[in-house]
Amino acid sequence: MSLWDWAVAAYARPGVSEACLELQDVGGQNVCLLLWAAWAVQTGQALDGDARADACDIARAWEDAAVAPLRAVRRRLKGRILDMDDDARQAVRDQVKAVELLAERHLLAALETASRPSGRPAPPLNDALAAVCRDWSGTAPRALLTTLIDRLCP
């Protein structure tokens, strides 16, 4: 299963989207990178330091150039804005949201393309996600990760 298909299915599970957004907004993490790491564990992809560094480089490039700026515009357009027609604002917000999702899809495709089989047993999911978090931001918000893992692996 492709990373995109796996991520869409995983994100649709009860509580996963909320756990991911909390990791993003409170924990300073990259949701696509976390989903990549969980997929990598399940599909036997390498999660060594080099693989994680490569993945973080890819995620950071997409995050900085496209995903974060689009997210900021989408969120700014969420509430009522004086002197802006609500229907027009919502139409633009919907288009920005679609482009943001497209950018995340391209990010996931780049992560999948850069992945390589490990040939070794997969690490436990909690260790893999914690390592990716530390590589991304310097910290691993364990309580938030535990919530995500509980939702991904009911």
- prompt: Can you tell me which residue in region 36-73 is surrounded by the most Cβ atoms within 10 Å (Cβ to Cβ), limited to those that are over 17 Å from Ala7 (Cα atoms) and over 17 Å from the mean Cα position of the chain (by Cα)?
  reply: Ala46
- line: Note on region 120-140: residues more than 16 Å from Ala59 (Cα to Cα), in a loop (DSSP other than H, G, I, E, B) and open to solvent by 30 Å² or more (accessible area, probe 1.4 Å) are Arg120, Pro121, Ala122, Pro123, Pro124, Thr139
Residue among Ala66, Ala37 that is within 28 Å of Ser118 (Cα to Cα) and either outside any loop (DSSP other than H, G, I, E, B) or in contact with a Leu (Cβ under 7 Å, 6 or more places away or on another chain) (or both): Ala37
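Can you pull out the residues in region 82-111 that are over 23 Å from Ala66 (Cβ atoms) and either part of a loop (DSSP other than H, G, I, E, B) or touching a residue at least 24 places away in the same chain (Cβ under 8 Å) (or both)?
Residues satisfying the conditions are Leu82, Asp83, Met84, Asp85.
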- prompt: When you go through (1) within 21 Å of Ala19 (Cα to Cα); (2) surrounded by 15 or more Cβ atoms within 10 Å (Cβ to Cβ) one by one for Lys78, which number turns out not to apply?
  reply: (2)
query: Are any residues in region 21-31 open to solvent by 10 Å² or more (accessible area, probe 1.4 Å) and assigned to a helix (DSSP H, G or I), and if so, which ones?
result: Leu21, Glu22, Gln24, Asp25, Val31
Close pairs (7 angstrom Cβ cut-off, 6 or more residues apart or separate chains): in contact (Cβ under 8 Å) with a residue 24 or more places away in the chain and closer than 18 Å to Cys153 by Cα in region 35-62, of a type outside the set (A, V, I, L, M) and assigned to a helix (DSSP H, G or I) anywhere: Trp39/Trp6
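The values are calculated or read from the model by the stated rules, or taken from the named source; none is laboratory data. Quick caveat: nothing in here was measured; it's all calculated off a predicted structure. Methodologically, a virtual Cβ is constructed for each residue, glycine included, from the backbone with ideal geometry; neighbour enumeration extends over all protein chains shown. We work out accessible area using only protein heavy atoms, side chains counted, and drop any ligands, DNA or RNA first. Shrake-Rupley method; radii C 1.70, N 1.55, O 1.52, S 1.80 Å.
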